[in-house]
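The values are calculated or read from the model by the stated rules, or taken from the named source; none is laboratory data. What you are looking at is a predicted structure, and each value in this text was computed from that prediction instead of being measured. Using ideal geometry, Cβ is built from the backbone for each residue, glycine included, and neighbour counts are taken over all protein chains shown. Accessible surface areas use protein heavy atoms only, side chains included; no ligands, DNA or RNA. Shrake-Rupley method; radii C 1.70, N 1.55, O 1.52, S 1.80 Å.
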Amino acid sequence: MIDGPVWCVDSPSYTSMDFSREPVYPLFLLIFRKIFELFDWSGKMYGLDSYLFPVILVQSMLWVYVVYRLGKEVYEKASSFLPENRALILGYTAIGTQLAVSALNRFMANRGSMYSECIMTESLAMPLLVLFIIYLWKLLENFNNANLRKTFLLAVLSASIRKQMLILLIVWGGTALVVYLIEIKRNGLHKFFITALMIIAAFACIGIFDRTYNFFVRGEFAEHIGNSKGGLDTVLYTASAGDKDLFTKYDDSEDYPNLSGLYEEIYNTLQEKELTIDYAPGYENKEESTVFNSDWAAMASHYADSYDVIGFDIVQVKCDEYVAENFPELEGTKAQLKENAVEGVLFKTLLKKDIDDVFHKKGAAAKYVFFANVLKAFVISAANMRPQVLIKTSFLIYFFYLAIFVMAAIKSARGDGINVTNGRRSFLLLSFITLAAVAVNCVVTGSMIFPQPRYMCYTMGLFYLTLTCGILC
């Protein structure tokens, strides 16, 4: 109510239903826009179109509902085996940790706003991730059609809001594999087989929904563009001039004529603007650099500063020019699809080369960037990179978390009565799901795009909640 809608750098691409965006959030905004147009409600609120204010009210109420559900689930589970006061502490901790993340973003972080009031996909994706984990927790404890259906729908909806949420399918599959292997004597293989089919179906539904949306909006049965952009920015950061030879095989083709020339132009521009790892602090040891002998945090910071410049100011501009020059007959959506295909070929070729190098004990720069970014992702999932003392502190927190997790597992295995044992196992399961979500998000984000708090704080509240559960249970 005080801030009103917060307009962000990415907001225009959602309100304009840009081809690079997933379908749900632009459609969500469209519904409010059409309602206001229907009743001829125009004007401005907080300096923005008035329809955006009810948007953030709905977003905020979704967060309220999800936080309430989390607190309720934790309290009810804890009250089945803990004294009332400790159960209440855990219930309010579930609420408090979620509120703390919002408060940090509003009052202490540079962004100065809560995600619930921002016109961006995180406003829906973050609470839905928490809701997904609630239902995954319930599903892994009680495998029934209702929990399976809700978990499936939340996975499809979340990934159709933001592609980063495909991590939910990995988390679902990974945790189910472990849990159902442990329960193999209790129909575990059957449960995992059904789970695997549902995950495959969810992935298919996400793609079909995306393509159907673009068919009605743009007349093209195609997924949104830009899926290769993040990965391409990363592989270009460690690329070399000699990689031009990888693309000469395309030069005489009709689909990608003179592709090596495009790569050379992109690479030379990156060098001129000092946007590759060669110019990064923390890379003084060159190919000998590792996270153990170099300032990996400084290198990761340089990479983060270079990321958007590489993607939007150089790659997108150069690829646009390439398509306009070589395919002048293509316009609008057709030209965008061609540019997307060009980016895809550049990315897949460079990625294949990096993977081959790693398997042949080369590609040290790519490995260094990967491990540094994953480390950074873990740090900002629990704390922050500045001041530097928080880097070491965050790793101590993870060590403490794992120690508490192991102790909880030992207590659970020991058995202290049916209710106490079942309760501890339940919170142990929630901790396992949360830790899996943190790890998968860190590895995926660190390998494909640069980690920043916006991408990593999805699980922060759950992380500190489950740490508290491990201590009090």
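Side notes on the structure shown:
- Each of His360, His302, His190 has its accessible area taken with a 1.4 Å probe; listed largest first, they run His360, His190, His302.
- Whether segment 54-176 is rounded, prolate or oblate, judged on the alpha carbon gyration tensor where a/c under 1.5 counts as rounded: oblate
- Residue-span extension gain [Phe312 to Ile182] - 0.36 nm each, minus C-alpha spacing: 42.1 nm
- Averaging 1/r over every pair of different alpha carbons in segment 121-186 and inverting the result gives a Kirkwood radius of 12.1 Å.
- In the full protein context, the chain carries 47 Å² of accessible surface per residue, based on a 1.4 Å probe and ignoring ligands, DNA and RNA.
- Segment 330-386 shape via C-alpha gyration tensor axes, a/c threshold 1.5: oblate
- FRET efficiency for Asp251 and Asn144, using Cβ-Cβ distance with R0 set to 41 Å, rounded to 0.05: 0.10
- Value at 222 nm in deg cm²/dmol, rounded to 500, when DSSP H runs of n ≥ 4 in the chain each add -39,500 (n - 2.57): -23000 deg cm²/dmol
- Averaged over residues, the count of other Cβ atoms within 10 Å places the peptides 453-459, 13-19, 90-96, 249-255 in the sequence 453-459, 90-96, 13-19, 249-255, highest first.
- Between 0 and 90 degrees, the angle of helix 259-272 with respect to the longest Cα principal axis of the chain falls at about 70 degrees.
- Out-of-range pairs (alpha-carbon distance over 20 Å; input Lys318/Lys348; Lys273/Lys338; Lys249/Lys353): Lys273/Lys338
- Candidate lysines for bridging to Lys77, where Cα separation is under 16 Å - those fewer than 8 sequence places away on the same chain excluded: Lys138
- A protection proxy built from the mean count of other Cβ atoms within 10 Å ranks the segments 313-320, 444-451, most packed first, as 444-451, 313-320.
- Base-10 log of normalised Debye intensity for segment 33-111 (one unit scatterer per alpha-carbon) at q = 0.21, 0.22, 0.26 Å⁻¹: -0.93, -0.97, -1.11
- Theoretical FRET efficiency, 1/(1+(r/R0)^6), r = Cβ-Cβ of Met407 and Asp10, R0 45 Å, to 0.05: 0.60
- For Ser431, the shell of other residues with beta-carbons less than 13 Å away shows a net charge of +4, using +1 for Lys and Arg and -1 for Asp and Glu.
- Surface composition of the chain: carbon plus sulfur atoms hold 63% of the accessible area, using a 1.4 angstrom probe and ignoring ligands, DNA and RNA.
- In summary, the convex hull built on the alpha carbon positions of segment 284-443 has an orientation-averaged projected area of 14.6 nm².
- Its residue count N fixes a reference of 2.2 N^0.38 Å for segment 282-379, and the Cα radius of gyration divided by that reference is 1.35.
- Stretching the chain fully between Val64 and Leu330 yields a gain of 91.1 nm (0.36 nm per residue, less the alpha carbon separation).
- Relative frequency of Cα-Cα separations exceeding 42 Å in the chain, percent: 21 percent
- Segment 166-276 pair-distance distribution - Cα-Cα, 10 Å bins, rounded %: 12, 23, 20, 25, 14, 5, 0
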